[in-house]
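Asker: If you scroll down you'll find the structure; I have some questions about it.
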Amino acid sequence: MTPGPSRETGGVLVVSCYELGRAPLAAATAAAFLERAGFVTSIVDLAVEPMATLDSALAQAPDLVAVSVPMHTALHVGVRAAARIREQAPAAHLTFFGLYATLNSEHLLSTVCDSTIGGEVEPVLIELISALQRKAALDDLAGLASPGRPAGPWLARLDFPLPSRAGLPPAERYARLVVDGEERTAAAVETSRGCLHICRHCPITPIYGGRFFVVPREVVLEDIRRLAAAGVRHISFADPDFLNGPGHSMAVVRAMHRAHPGLTFDATIKVEHLLARRDLLPELAASGCLFIVSAVEALSNQVLEHLRKGHTRNDVFEALALARRVGIALRPSFVAFTPWTTIGDYCDVLDWILDEALVDHVDPVQLSIRLLVPPGSPLVELDVMQPHLRGLAPASFAWRWEHPDPRMDRLAQAVGAIVADAARSGEDAARTFERIGDAAGALSGREQTIPHPTRIRPGRERSRPPRMTEPWFC
């Protein structure tokens with residue numbers, strides 16, 4: 001793909017909506033590609049900036065407004081923003097890009113936007129703005145979906161520039177690392193995009209289909225160097241799985257540690273990779289890895305098999321032991337409610353968290369996550385899923401499903417309310433965990449699911465593992 005001419009007015013407005021509380025890497029990378037191609041580009045991040053900032057940017061009459069939706073939460077924000085974009089800049093072409101743009105393309109195109117782009121989106125964005133400024137037809141743009149013209153994700157190796165972070169709010173506005181009672185500024189980088197694995201519930205699977213692409217080492221390291229020079233003290237590797245390409249990612253870690261020995265980091269790594277690459281864990285710890293996020297999802301082998309996670313219950317226990325042995329905190333994520341999760345399964349997870357002293361390693365929201373089945377998910381075709389589906393709800397960007405045991409749907413609602421209330425009040429996680437345990441116990445018939453303060457010890461006096469100030473949302 002080749003860019004067309006640029007000009008000093010108009011240009012592109014990239015709108016980020018939410019990226020786990022981090023400075024938006026997807027938006028910064030898209031802006032970098034566009035700027036390198038010669039297009040005037042600006043960024044607004046609705047996760048931390050007021051809507052008035054969007055209004056001001058739209059007043060510049062951009063030719064293209066590109067809304068970044070790499071997450072489900074971001075998509076909801078983006079759709080709300082689209083109405084304002086249409087009102088303030090009716091002549092602009094409005095495109096949605098990212099994982100959830102492609103998954104929900106049909107609904108988005110019929111309701112809020114002119115086009116959608118998925119996969120390695122940046123070349124398509126360049127071609128799109130080029131065509132718009134030349135007033136050329138868009139019909140032949142590969143990778144661009146528009147009304148009546150579906151298009152699959154654009155997948156190709158790219159020549160990455162440095163992310164364009166100059167137009168973003170300062171790092172202090174985003175999620176920070178909390179360690180030993182101290183908050184440190186943090187930022188996200190990525191060494192790869194896509195994923196080698198094809199977990200059925202993952203939104204990456206229908207887009208990348210088991211493919212992943214590395215970001216050149218020198219680009220990642222220069223980005224880290226600039227972030228460190230700006231005062232960032234902790235790096236989050238935002239790769240869907242940091243050990244998809246272990247040679248590449250470990251080379252980045254080694255070079256980063258040599259250049260910035262005081263910089264700490266975290267990464268997301270699958271349970272099966274923690275086991276298969278256990279020899280790398282001591283080096284990760286010695287290089288500054290404080291914690292690893294791992295998609296445990298469930299302890300039920302049946303649920304894990306249906307999700308095609310690639311690990312078992314016993315693998316989870318072993319991965320936790322391996323991480324502890326080298327001094328890295330394991331922070332599990334869960335899909336707490338699926339059509340196959342029983343009340344006993346749920347209580348089993350609570351018991352494991354308590355027995356292994358993981359209450360402070362698991363953000364309470366993780367115990368409220370209900371399986372999301374977006375359009376295009378491999379789960380829809382799964383025989384054991386189909387009896388539970390109740391139809392696609394396009395405006396919710398997901399298939400509706402019901403649990404065969406009504407108690408589980410009631411529990412999901414109760415836990416969601418507990419977690420929301422705790423977030424509003426700033427409640428101690430240990431107390432929230434107790435309340436969730438009481439709710440599960442009441443439905444399961446157990447007299448008491450979670451022991452009270454003698455084992456959890458709510459309060460500031462207990463030692464807590466490193467964590468980010470933003471809980472994990474999808």
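The values are calculated or read from the model by the stated rules, or taken from the named source; none is laboratory data. Quick caveat: nothing in here was measured; it's all calculated off a predicted structure. Please note: Cβ atoms are built from the backbone with ideal geometry, for glycine as well, and neighbour counts cover all protein chains shown. The protein model used for the area step is the full one, side chains on, heavy atoms only, and it has no ligands, DNA or RNA in it. Shrake-Rupley method; radii C 1.70, N 1.55, O 1.52, S 1.80 Å.
Asker: Where a ≥ b ≥ c are the square roots of the eigenvalues of the C-alpha gyration tensor, would you call the stretch 8-161 rounded, which needs a/c under 1.5, or, failing that, prolate if a/b is larger than b/c, or oblate?
Answerer: rounded
Asker: Would you mind working out the accessible area per residue for the chain, using a 1.4 Å probe, and quoting it in Å²?
Answerer: 40 Å²
Asker: Still on this structure, I have one more. With a Cα-only, solvent-free Debye model of the stretch 54-105, what are the log10 I(q)/I(0) values at q = 0.18, 0.28, 0.29 Å⁻¹?
Answerer: For the requested q values the scattering log ratios are -0.54, -1.06, -1.10.
Asker: Next up: Counting every Cα pair in the stretch 249-350, what percent are over 19 Å apart? The partial results should precede the final answer.
Answerer: On the way: 2337 of 5151 pairs.
Tail of the P(r) past 19 Å holds 45 percent of the pairs.
Asker: Relative contact order for the stretch 194-264: what is it in percent, counting Cα pairs under 8 Å that are at least 6 residues apart?
Answerer: Values: 55 pairs, mean separation 23.0, N = 71.
With pairs under 8 Å counted, the relative contact order is 32 percent.
Asker: Considering the Cα trace of the stretch 136-215, what is its radius of gyration and what is Dmax, both in angstroms?
Answerer: Final numbers for Rg and Dmax: 18.2, 57 Å.
Asker: I'd like to compare 32-40, 187-195: which one has the highest average count of other Cβ atoms within 10 Å, and what's the full order after that?
Answerer: Working: 32-40: 20.7, 187-195: 23.3.
The peptides rank, most packed first, as 187-195, 32-40.
Asker: Hey, any idea what % of the chain's accessible area is carbon plus sulfur with a 1.4 Å probe?
Answerer: 52 percent
Asker: Counting only residues 5 or more places away or on other chains, whose amide H sits under 5 Å from the amide H of A336 once H atoms are built in the peptide plane?
Answerer: Excluding prolines and chain starts, which carry no amide H, the hits are I369.
Asker: Something else now. About the Cα centre of the chain, how large is the charge dipole given +1 on each Lys and Arg Cβ and -1 on each Asp and Glu Cβ? Please answer in debye to the nearest 20.
Answerer: Values: 47 positive and 54 negative charges, 91 e Å.
That gives a dipole near 440 debye.
Asker: Here's another thing I want to ask about it. Suppose a student asked you for the relative contact order of the chain, using Cα pairs under 8 Å spaced at least 6 residues apart; what percent would you report?
Answerer: It rounds to 13 percent for the chain.
Asker: Quick one: in the chain, what % of C-alpha pairs are over 45 Å apart?
Answerer: Beyond 45 Å sits 10 percent of the P(r) for the chain.
Asker: Based on the mean of other Cβ atoms within 10 Å per residue, sort peptides 273-280, 339-346, 113-120 so the most packed one is first.
Answerer: 113-120, 339-346, 273-280
Asker: Ok, one more. Give the value in nm², to one decimal: projected area of the alpha carbon convex hull of the stretch 315-373, averaged over all directions.
Answerer: Mean projected area for the stretch 315-373: 4.5 nm², to one decimal.
Asker: Moving on. State, as an integer percentage, the relative contact order of the stretch 108-217 based on alpha-carbon contacts under 8 Å between residues 6 or more apart. Write out the running numbers ahead of the final one.
Answerer: On the way: 122 pairs, mean separation 22.1, N = 110.
Result for the stretch 108-217 is 20 percent.
Asker: So how long is each side of the stretch 205-312 along the principal axes, counting just the alpha-carbon atoms, biggest first, in Å?
Answerer: That gives 47, 29, 22 Å along the principal axes, largest extent first.
Asker: Another question about this same structure. Take L382 and A83, extend 7 Å from each Cα along the Cα→Cβ direction, and tell me the distance between the two endpoints in nm.
Answerer: Distance between the two pseudo-spin positions: 3.5 nm.
Asker: Pulled fully out, how much extra length does the chain show between A276 and D421, if you take 0.36 nm times their separation in residues and subtract their Cα-Cα distance?
Answerer: Residue separation times 0.36 nm, minus the Cα-Cα distance, leaves 48.2 nm.
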